[in-house]
Amino acid sequence: MVIEWSTTAVYNTIMAVSVGIGLLLIVRFFSHLHANKIGHLEGWAIGFAVPGLILTITGFHMSLTWPLSKMGFPFDDIIFGESSIAFGVLLLGITVLLWRKANLFLKQGIDTSNSTVVSERLRKELPYLLKPLSYFGAAMGFALIAMGCAGVTFHLFAAPPQEPISGLFADYPMIEATFMSLLLALTGVGAILFAVNQKENPSPSLFKFNQWAWTITGIIWTAFGIMNYFTHIGLIIHTLGH
């Protein structure tokens, strides 16, 4: 297989890392919130903005230009591109809400270094602020589950044999199809639960399951993206048209 890389854009490496870090940041934020450890909000806002901006830009480009179709994987442009847009914009939405809340606390004379006061205020107010955003997140959660079902049904996500590590399973497409499909579906379940948990006193069991789902998927997405920095470079080396 020879690929003309000068006209083919592949950047689901940084997309996967950004998704994973975005999920882990949300879990960490709410863990800190319930432990009264949320203080200065500007740092959290910028933390969400970084992966949000990356996912929005790369997601839009992938969805509008379909770069993976040149490699024979046009369906991946939908799966990775459109889901990245959705998550990226949602992270930017959280960024704006937290930044505005930080400015409001400052105007009200609230000491944002007092994590107990800030956390108590946020626990009461955030569910009402995040609930509108969570509806779209839940809809995309169901979309991720649909993508997972498509992956298993149509045996998607199999890497070409020229790709290191992942290519070892090229003759067994159901292995990577099952792995990626479960990863997408579990991420989607977490998105649905996030919407359900937007209340002042969420169900402890649902909250814990939400944390568990996004901790597991966040770690896997991050590790998968990091691994792909090696495997995708190897794929490029092995498919250059010399």
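The values are calculated or read from the model by the stated rules, or taken from the named source; none is laboratory data. Predicted model, so just to flag it, every value in this text is computed and none were measured. Counting neighbours? That spans all protein chains shown, and the Cβs are built from the backbone with ideal geometry, glycine included. We work out accessible area using only protein heavy atoms, side chains counted, and drop any ligands, DNA or RNA first. Shrake-Rupley method; radii C 1.70, N 1.55, O 1.52, S 1.80 Å.
None of PHE75, PHE136 is touching a residue at least 24 places away in the same chain (Cβ under 8 Å), open to solvent by 20 Å² or more (accessible area, probe 1.4 Å), within 22 Å of ILE21 (Cα to Cα) and under 23 Å from the mean Cα position of the chain (by Cα) except PHE136.
Residue under question is ILE14, and the condition is that it be closer than 20 Å to ALA143 by Cα and within 12 Å of the chain's Cα centre (by Cα); does it hold? Here the answer is no, as ILE14 does not meet what is asked.
Scan the stretch 203-215 and tell me whether some residue there is open to solvent by 60 Å² or more (accessible area, probe 1.4 Å), farther than 20 Å from VAL19 by Cα and touching a residue at least 12 places away in the same chain (Cβ under 8 Å). Looking through the stretch 203-215, at least one residue is open to solvent by 60 Å² or more (accessible area, probe 1.4 Å), farther than 20 Å from VAL19 by Cα and touching a residue at least 12 places away in the same chain (Cβ under 8 Å).
Only a single criterion out of (1) open to solvent by 50 Å² or more (accessible area, probe 1.4 Å); (2) closer than 16 Å to SER181 by Cα; (3) not in a helix (DSSP H, G or I) is not satisfied by GLY109, namely (2).
I need the full set of residues from the stretch 183-209 which are in a helix (DSSP H, G or I) and of a type outside the set (A, V, I, L, M), in order please. Correct list: THR187, GLY188, GLY190, PHE194, PRO204, SER205, PHE207, LYS208, PHE209. Among the conditions (1) of a type outside the set (Lys, Arg); (2) modelled with pLDDT of 90 or more; (3) in a helix (DSSP H, G or I), HIS155 misses just one, which is (3).
For PHE194, are the conditions met, namely being open to solvent by 60 Å² or more (accessible area, probe 1.4 Å), closer than 22 Å to LEU92 by Cβ and either touching a Cys at 6+ places or on another chain (Cβ under 7 Å) or touching a residue at least 40 places away in the same chain (Cβ under 8 Å) (or both)? Give the derivation first.
Numbers: open to solvent by 60 Å² or more (accessible area, probe 1.4 Å): no; closer than 22 Å to LEU92 by Cβ: yes; either touching a Cys at 6+ places or on another chain (Cβ under 7 Å) or touching a residue at least 40 places away in the same chain (Cβ under 8 Å) (or both): yes.
Spelling it out, it is not the case that PHE194 is open to solvent by 60 Å² or more (accessible area, probe 1.4 Å), closer than 22 Å to LEU92 by Cβ and either touching a Cys at 6+ places or on another chain (Cβ under 7 Å) or touching a residue at least 40 places away in the same chain (Cβ under 8 Å) (or both).
Taking every residue in the stretch 160-181 that is in contact (Cβ under 8 Å) with a residue 12 or more places away in the chain and pairing it with any residue that is of a type in the set (Phe, Trp, Tyr) and open to solvent by less than 30 Å² (accessible area, probe 1.4 Å), at least 6 positions away or on another chain, the pairs with Cβ-Cβ distances below 7 Å are GLU176/PHE157; ALA177/PHE157; MET180/PHE157. Within the stretch 147-179, the set of residues being at positive phi and either in contact with a Ser or Thr (Cβ under 8 Å, 6 or more places away or on another chain) or buried (at least 17 other Cβ atoms within 10 Å of the Cβ) (or both) comprises PHE157, ILE165. Quick one: count up the residues across the stretch 42-68 that are more than 15 Å from ILE14 (Cβ to Cβ), open to solvent by 50 Å² or more (accessible area, probe 1.4 Å) and in a helix (DSSP H, G or I). The total comes to 5. Hey, can you tell me all the residues within the stretch 114-131 that are in contact (Cβ under 8 Å) with a residue 24 or more places away in the chain, buried (at least 16 other Cβ atoms within 10 Å of the Cβ) and of a type in the set (Lys, Arg)? The answer is ARG123, and nothing else.
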